[in-house]
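The values are calculated or read from the model by the stated rules, or taken from the named source; none is laboratory data. Note that this is a predicted model, so its numbers are computed, not measured. We place every Cβ from the backbone using ideal geometry, glycine too, and count neighbours over all the protein chains shown. Just the protein is used for accessible areas: all its heavy atoms, side chains included, with ligands, DNA and RNA removed. Shrake-Rupley method; radii C 1.70, N 1.55, O 1.52, S 1.80 Å.
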Amino acid sequence: MEEARRMAHDAEMRAELAKCVHLVTLRSGEYLFKKGDAADGFYVLFKGAAKLLDPTYVPTSPTDEPPLSS
């Protein structure tokens, strides 16, 4: 009986969460957010890759890539 209640509760939680989900699609090079933006969501990477970059980085050569932010 306890297992059935837990499963029903889990289903309710998933249904509530699904009401808040919005799909965001970005192309390569586009930003999801930038440093200083208001925290307005929770993001789950479904497909692809993402980098967290340090906006204060100053490259020393044209081929330098910004390091990952700490």
- Cβ-Cβ under 6 Å pairs, at least 6 apart or on other chains, segment 49-61 side without any contact (Cβ under 8 Å) to a residue 24 or more places away in the chain and under 23 Å from residue 27 (Cα atoms), far side part of a loop (DSSP other than H, G, I, E, B) and open to solvent by 100 Å² or more (accessible area, probe 1.4 Å): 55/35
- Among (1) part of a helix (DSSP H, G or I); (2) at pLDDT below 85; (3) basic (Lys, Arg); (4) under 18 Å from the mean Cα position of the chain (by Cα), which single condition is residue 5 missing? (4)
- Message: Exactly one of these conditions fails for residue 57: (1) aromatic (Phe, Trp, Tyr); (2) under 11 Å from the mean Cα position of the chain (by Cα); (3) open to solvent by less than 80 Å² (accessible area, probe 1.4 Å). Give me its number.
- Response: (2)
- Message: Go through segment 1-41 and report how many residues are surrounded by 10 or more Cβ atoms within 10 Å (Cβ to Cβ) and closer than 19 Å to residue 65 by Cα.
- Response: 3
- aliphatic (A, V, I, L, M), open to solvent by 80 Å² or more (accessible area, probe 1.4 Å), at pLDDT below 85 and in a loop (DSSP other than H, G, I, E, B), is that true of residue 44? no
